[in-house]
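The values are calculated or read from the model by the stated rules, or taken from the named source; none is laboratory data. Since the structure is predicted, the reported quantities are computational estimates derived from the model, not experimental observations. Glycine also receives a Cβ, built like all others from the backbone with ideal geometry; neighbour counts cover every protein chain displayed. Accessible surface areas use protein heavy atoms only, side chains included; no ligands, DNA or RNA. Shrake-Rupley method; radii C 1.70, N 1.55, O 1.52, S 1.80 Å.
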Amino acid sequence: MLATDLSREVLERARAGITTRSSHAASGPAARQYFQQQGTRWQLKQEIATSSNFRELNLAQAWPFLPRMDLILNRNVMIYFDVETKKTSGPHRPAAAPDGYLLLGGSETTFQPR
Ligand SMILES: C[S@@+](CC[C@H](N)C(=O)[O-])C[C@H]1O[C@@H](n2cnc3c(N)ncnc32)[C@H](O)[C@@H]1O
């Protein structure tokens, strides 16, 4: 699993793998497979953390190192991209396998020609 963000601070938080009970990341029953409760906080399980690769990446620029992926989760990031950026980059372009899936947030789209 590859986890990316533009922000080093966000990546450090992700590497730490700690979230609060109120966060939706740990609130559903499915999430309990991946998090362990520690008091009022939830810790990402070690096996998930060690199988994850956290990388700094600007999705609006070329992606030099990414393999084809079966599933890309990209919620509330393309909301920052203008149409030109969506045309030339975006997670659907270089990284999705031909039969792969791209999941976006409810308020964002990839480039859609009119
Ligand atoms: C609104 S937050 C969404 C976070 C998370 N995906 C979620 O849905 O809770 C947007 C995130 O996108 C990151 N971001 C913004 N522009 C980016 C870019 N060009 N490339 C990569 N990450 C970017 C920000 O650093 C921030 O962590």
By residue number, the members of the range 32-64 that are within 15 Å of the ligand (Cβ to nearest atom) and among the basic types (Lys, Arg) are 55
If we only count strands (runs of 3 or more DSSP E) wholly inside the range 40-93, which ones have 1 or more residues that are under 17 Å from residue 10 (Cβ atoms) and in contact with a Pro (Cβ under 6 Å, 6 or more places away or on another chain)?
69-74
Being open to solvent by 80 Å² or more (accessible area, probe 1.4 Å) and at pLDDT 85 or above is the filter here; which residues of the range 80-97 pass it?
80, 82, 83, 84
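Residue 35 - would you say it is without any contact (Cβ under 8 Å) to a residue 40 or more places away in the chain, under 16 Å from residue 6 (Cα atoms) and of a type in the set (Phe, Trp, Tyr)? Outline the logic, then answer.
Details: without any contact (Cβ under 8 Å) to a residue 40 or more places away in the chain: yes; under 16 Å from residue 6 (Cα atoms): no; of a type in the set (Phe, Trp, Tyr): yes.
So residue 35 fails the test.
Quick one: which of 74, 58 is in contact with a His (Cβ under 9 Å, 6 or more places away or on another chain) and of a type in the set (S, T, N, Q)?
On the way: 58 fails: in contact with a His (Cβ under 9 Å, 6 or more places away or on another chain).
Testing whether each residue is in contact with a His (Cβ under 9 Å, 6 or more places away or on another chain) and of a type in the set (S, T, N, Q) leaves just 74.
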